[in-house]
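The structure appears right after this line, and notes come after that.
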Number of protein chains: 2
Amino acid sequence: MTVGGDTVTEVVRLSWKDVRDRVHGRVLDGTYAPGDRLPRDEDLAEEFGCARSTVQRAMQDLSLSGIVERRRKGGTRVRRDPVTRATLDIPITRNEVENRGAVYGYRLIGLTTEAVPPPVTAKFEMAGSEEMLRVRALHLADGHPFVFEDRWVSLRTVPEILEIDLAAQSANEWLVRNKPYTRCDLRFYAMNADAETAAILETGEGAALMVIERTTWIGLDPITSVKAVTAPGYEILTRS
Amino acid sequence: MTVGGDTVTEVVRLSWKDVRDRVHGRVLDGTYAPGDRLPRDEDLAEEFGCARSTVQRAMQDLSLSGIVERRRKGGTRVRRDPVTRATLDIPITRNEVENRGAVYGYRLIGLTTEAVPPPVTAKFEMAGSEEMLRVRALHLADGHPFVFEDRWVSLRTVPEILEIDLAAQSANEWLVRNKPYTRCDLRFYAMNADAETAAILETGEGAALMVIERTTWIGLDPITSVKAVTAPGYEILTRS
């Protein structure tokens, strides 16, 4: 760039988003075809006149979106079999209700200490059973049933749960705010409402309901496993 | 570090994963509480004796996991309302079946050109209707119904689709491999099988079925919108 000379060449510094969009553009227009190896980061950095770390940041993003695959030694390739990758955020149920502009409500249905049954020990990947706190509760939106949760909480990992008034505050809210986890399994499926679930969710027996099961651990220690049965009409929507 | 001296202090270079785990550890043990502002990247870099870009990479990861929030001016904070964040990969249906160790099968059920009905124009966010290719097809796993898809393909955006033999190859496979998209909406919900869907999926009327709807665009142009109705027992599982 010559300032004061006849021509001023403007030097445009590309951001990592610019680099990402340019590389993505080349995937979209077929310059880089499925399975193709991309130029090395340093070569792209030279071509774009940016830092190598800028290219790396762009590639991380494209990799997270499922567009390219990065291997430590093998460089970067365009994914041969693209996947639709979605990021799903599951908020605290109170927030989910309030984000919809509805009034949140909560009702404790059952609170017991029980030996964990086999389907739940399997979810926790526990060798044997033990006593856990079982919390059954209903979340409401504008007074209507929204989510019915049947939850197990490890008394070994979370003994403090016994001091919480779970008639006033949901275990969902308390645990998410106070018990960060290091591992989380999520399972989504559809079920026909049985008589009890139908009664709690105020729907007909047999109604198709979406279920979200979530199991969390801190290290190897189980925290909680919850089966959240949503009311009819519940949808999960993601945009990317 | 003094080599040949009395003591040798080993200099351990922290990777971004080490930094991430240390910061995450401080969130887990409450050193950094929900809503707290974290030290600046440069201060953490100094504390950990690493490059600032290493701290940045660690923070990106913690931000993607929903543990911290980053703001350009506001620095980094521990999320006050943690969310459960899951990354969902939806592969090509053939791959999904084959990844389960089953034999993939495919049957074209219907191929027509029709004006797009209002529910589908709404998904595409189109102002009015137009003619699109409608493809109804069944994916099978070991000869059993796996996913029934009812799909609309834009003939304006993807005229080449008319040259593809959709009795031999699924539109799902062809589109995912050949038509990268820039935007994707995904919707998950449960439905009771109607008579026709029940017959196609070889289940009883009223069975609870998980539906995955996906709509894609390139720029502002619609590519495809598909309602994929899964067979009973279908589950989505993510681990993080």
Item to complete: Please check chain B for the longest run free of trypsin sites (Lys or Arg not before Pro) that are loop-located per DSSP (anything but H, G, I, E, B) and have at most 14 other Cβ atoms within 10 Å.
Response: B:157-240
Worksheet, complete the sentence: Residue-normalised value, i.e. accessible area per residue, for the protein assembly as shown at 1.4 Å probe, in Å², stands at 50 Å²
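What's the local net charge at residue A:157, with K and R +1, D and E -1, over the other residues with C-beta under 11 Å away?
-1
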Worksheet item: Averaged across the residues of B:168-180, what count of C-beta atoms belonging to other chains lies within 10 Å of each residue's C-beta?
Response: 2
Response to the item:
Cross-link reach from residue A:179 to lysines, straight Cα distance under 24 Å and at least 8 residues apart if same chain, gives A:123, A:227, B:17
Worksheet item: About its Cα centre, what dipole magnitude does the protein assembly as shown give when the only charges are +1 on Lys and Arg Cβ and -1 on Asp and Glu Cβ, stated in debye to the nearest 20?
Response: 1220 debye
Worksheet item: How much accessible surface does residue B:162 have with a 1.4 Å probe, in Å² rounded to 10?
Response: 110 Å²
Worksheet item: Can you give the average number of partner chain beta-carbon atoms within 10 Å of each beta-carbon in peptide A:232-239, as a whole number?
Response: 5
Practice prompt. Take peptide B:98-104, look around each residue's Cβ out to 10 angstrom, count Cβ atoms belonging to other protein chains, and average those counts.
Written response: 0
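Out of the total accessible area of chain B (probe 1.4 Å, heavy atoms of protein only), what percent is carbon and sulfur?
The nonpolar share, carbon plus sulfur, comes to 48 percent.
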Worksheet item: So, counting K/R as plus one and D/E as minus one, what does the shell of residues with Cβ under 11 Å around residue A:213 add up to?
Response: +1
Worksheet, complete the sentence: Note, the stretch A:209-220: 3J(HN,Hα) by Karplus (6.51, -1.76, 1.60, θ = phi - 60°), whole Hz, Gly/Pro = x, goes 10, 7, 10, 10, 9, 9, 10, 10, 9, 10, x, 9
Worksheet item: Any idea what the alpha-carbon Rg over 2.2 N^0.38 Å comes to for the stretch B:87-240?
Response: 1.02
Practice prompt. Report, in deg cm²/dmol and to the nearest 500, the calculated mean residue ellipticity at 222 nm for chain B, where each DSSP H run with n ≥ 4 adds -39500 (n - 2.57) and the sum is divided by the residue count.
Written response: -7000 deg cm²/dmol
Discussion item. Let me spell out the model: positive unit charges on the Cβ of Lys and Arg, negative unit charges on the Cβ of Asp and Glu, origin at the Cα centre of the stretch A:16-78. What dipole size does that give, in debye rounded to 20?
Written reply: 340 debye
Discussion item. About the Cα centre, and with charges only on the beta carbon of Lys, Arg (+1) and Asp, Glu (-1), how big is the dipole of chain A? Nearest 20 debye, please.
Written reply: 860 debye
Practice prompt. Could you rank A:139, A:144, B:24 by how accessible they are, 1.4 Å probe, largest area first?
Written response: A:144, B:24, A:139
Worksheet item: All other residues with a Cβ under 9 Å from the Cβ of residue A:90 taken together, and with Lys, Arg as +1 and Asp, Glu as -1, what is their net charge?
Response: 0
Item to complete: Quick one: plug the Kirkwood hydrodynamic radius of the stretch B:162-240 (C-alpha pairs) into Stokes-Einstein at 25 °C, 0.890 mPa s, and report D in µm²/s.
Response: 169 µm²/s
Worksheet item: Just going by the charge dipole of the protein assembly as shown, with Lys and Arg at +1 and Asp and Glu at -1 on Cβ, which of A:138, B:137, B:63 is farthest out on the positive end?
Response: B:63
Fill in: Integer Hz, Karplus 6.51/-1.76/1.60 couplings in order for the stretch B:85-92, x for Gly and Pro
9, 10, 9, 10, 10, 10, x, 4
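Expressed as a rounded percentage, what relative contact order does chain A have, with Cα pairs under 8 Å and six or more residues apart?
Once divided by the residue count of chain A, the mean separation gives 14 percent.
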Worksheet item: Cα centroids of the stretch B:168-191 and the stretch A:103-176: how far apart, whole angstrom?
Response: 37 Å
Discussion item. Taking the Cα centroid of the stretch A:78-94 and of the stretch A:11-49, what is the distance between the two, rounded to the nearest whole Å?
Written reply: 23 Å
Practice prompt. Please identify every one of the GluC sites (Glu not before Pro) in the stretch A:186-217 that sits in a loop by DSSP and has no more than 13 other beta carbons within 10 Å of its own beta carbon.
Written response: A:202, A:205
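The values are calculated or read from the model by the stated rules, or taken from the named source; none is laboratory data. Not measured: the values here are computed from a predicted model. Positions of Cβ are generated from backbone atoms using ideal geometry, with glycine treated the same way; all protein chains shown enter the neighbour counts. When the accessible area is computed, the model is the full protein with side chains, heavy atoms only, and any ligands, DNA or RNA have been set aside. Shrake-Rupley method; radii C 1.70, N 1.55, O 1.52, S 1.80 Å.
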